[in-house]
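Here's the structure, in structure tokens; my notes come after.
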């Protein structure tokens, strides 16, 4: 339960709170289970505070210091957290529906099983954060920094990661539906066994990425950099590789039936054991691939 003296002090306003709180910094801040709905807490000091299950719906927490704070299970619907410091904060199971986290610092934050539907994280920094099982729907993460983020089994629907930094992010068994990864950097990312539907990869950097066993039927890789990418066992029926860089990519055992390779760079591309029935190769140099079997000539359409 919340400390009543601290809660009374906070209700006097952020100015009084920030002036008097440091004087008793040895006393832990406990505002758990309190109702701070629609409160103006802009710039408030809550470092290491216990805000577990606190109702902060529609509150203004922009530029607040919530570093290492416990916000697990908190209600943060429609909250403004723009430019807030949430470094290493615990937000497990929090509701962040329609919240604004633009340019917020979420480095190393824990957000598993959180609700980030219709949330805005424009230019937010989530380097090393945990987003396992998190739900995104119509969320905006344009130009966000998401290096080494754990998205394991998250749901990403109608969400934009345009121009985001997703290097070495873990998307294992993630569900993508109508998402945009256009111009995003996913170099070295892990998309093993991901389920991807109607998602944009226009000019995406997927160098050295792993997409083993991923479901990528009818996905269009338009001017995508897939050099050194691993597609072993992936489902790529009807996928389109238009002007894509597939230098050194590995499609061993992948299903490429009816896939289209047009103007793609296939230098050193490994097609060993791939299924190429009715695949189309146009404006490409088949001789530069590895593992090409003469039987492929009867299965694929080379123009």
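The values are calculated or read from the model by the stated rules, or taken from the named source; none is laboratory data. In this text the structure is predicted, and so the values were computed from the model without any measurement. A quick note on method: Cβ atoms are made from the backbone with ideal geometry, for glycine too, and the neighbour counts reach across all protein chains shown.
Can you tell me which condition residue 27 does not meet? The list is (1) modelled with pLDDT under 95; (2) part of a loop (DSSP other than H, G, I, E, B); (3) in contact with a helix residue (DSSP H, G or I) (Cβ under 7 Å, 6 or more places away or on another chain), and all the others hold. Single failed check for residue 27: (3).
Working only within the stretch 133-144, note down all residues that are in a loop (DSSP other than H, G, I, E, B) and more than 10 Å from the chain's Cα centre (by Cα). Correct list: 133, 138, 139, 142, 143.
The listed residues are 71, 96, 81, 9, and the only one of them that is free of Cβ contacts under 8 Å to residues at least 40 places away in the same chain, assigned by TED's automatic domain parsing to the domain that holds residue 120 and surrounded by fewer than 20 Cβ atoms within 10 Å (Cβ to Cβ) turns out to be 9. Residue pairs whose Cβ atoms lie under 9 Å apart, separated by 6 or more positions or on different chains, with the first residue in the stretch 229-258 and outside the structural domain of residue 273 (by TED's automatic domain parsing) and the second at pLDDT below 95 and buried (at least 24 other Cβ atoms within 10 Å of the Cβ), do not occur.
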